[in-house]
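Q: Please see the structure below; I have some questions.
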Amino acid sequence: MAKGRTKKIYTSIKDELLNPYFIKVDDDNFTVVNESNEDNGLYFCTTLSSALDRIAKMKVNSKGDTKSLREYVNEYNEMLNQFKESITV
């Protein structure tokens, strides 16, 4: 580590809704990480909502099938709604 720099401290957000991804949070960003390769961040986001948006897109796209526009948008919105419902108190 460079002289004068302090080691970053991360908080990890892990939830079965996010699997196989999780989010590492530090003072600067929200890093989307795949559990199979925890050393490399996939996306660096400035907000939690943008990290969740990125995970929703990856989960919808991970099936590799063909969808109509309506099916894609519905599945994507359903995923985001699940995320929102899980944090609603």
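Q: Read through the list (1) open to solvent by 50 Å² or more (accessible area, probe 1.4 Å); (2) touching a residue at least 24 places away in the same chain (Cβ under 8 Å); (3) under 9 Å from the mean Cα position of the chain (by Cα), then give the number of the only condition that Leu18 fails.
A: With (1) open to solvent by 50 Å² or more (accessible area, probe 1.4 Å); (2) touching a residue at least 24 places away in the same chain (Cβ under 8 Å); (3) under 9 Å from the mean Cα position of the chain (by Cα) applied to Leu18, the lone miss is (1).
Q: Right, next: Considering each residue of segment 38-89, count those that are hydrophobic (A, V, I, L, M, F, W, C) and touching a residue at least 60 places away in the same chain (Cβ under 8 Å), and give that number.
A: Summing the residues that are hydrophobic (A, V, I, L, M, F, W, C) and touching a residue at least 60 places away in the same chain (Cβ under 8 Å) in segment 38-89 gives 1.
Q: So, one more: Restricting segment 10-32 to residues that are touching a Lys or Arg at 6+ places or on another chain (Cβ under 7 Å) and among the hydrophobic types (A, V, I, L, M, F, W, C), which is nearest to Thr46 (Cα to Cα)?
A: Out of the qualifying residues, it is Val32.
Q: Okay, moving on. Considering only residues that are at pLDDT below 90, more than 13 Å from Leu18 (Cβ to Cβ) and open to solvent by 70 Å² or more (accessible area, probe 1.4 Å), which ones fall in segment 40-60?
A: Asn40
Q: State all residues of segment 30-54 that are within 17 Å of Thr11 (Cβ to Cβ) and among the aliphatic types (A, V, I, L, M); if no residue qualifies, say none.
A: Val32, Val33, Leu48, Ala51, Leu52
The values are calculated or read from the model by the stated rules, or taken from the named source; none is laboratory data. The shown structure was predicted, so the numbers you read here are calculated from the model rather than taken from an experiment. Note: ideal-geometry Cβ built from the backbone for every residue, glycine included; neighbour counts use all protein chains shown. Ligands, DNA and RNA are excluded from the accessible area calculation, which covers all protein heavy atoms including side chains. Shrake-Rupley method; radii C 1.70, N 1.55, O 1.52, S 1.80 Å.
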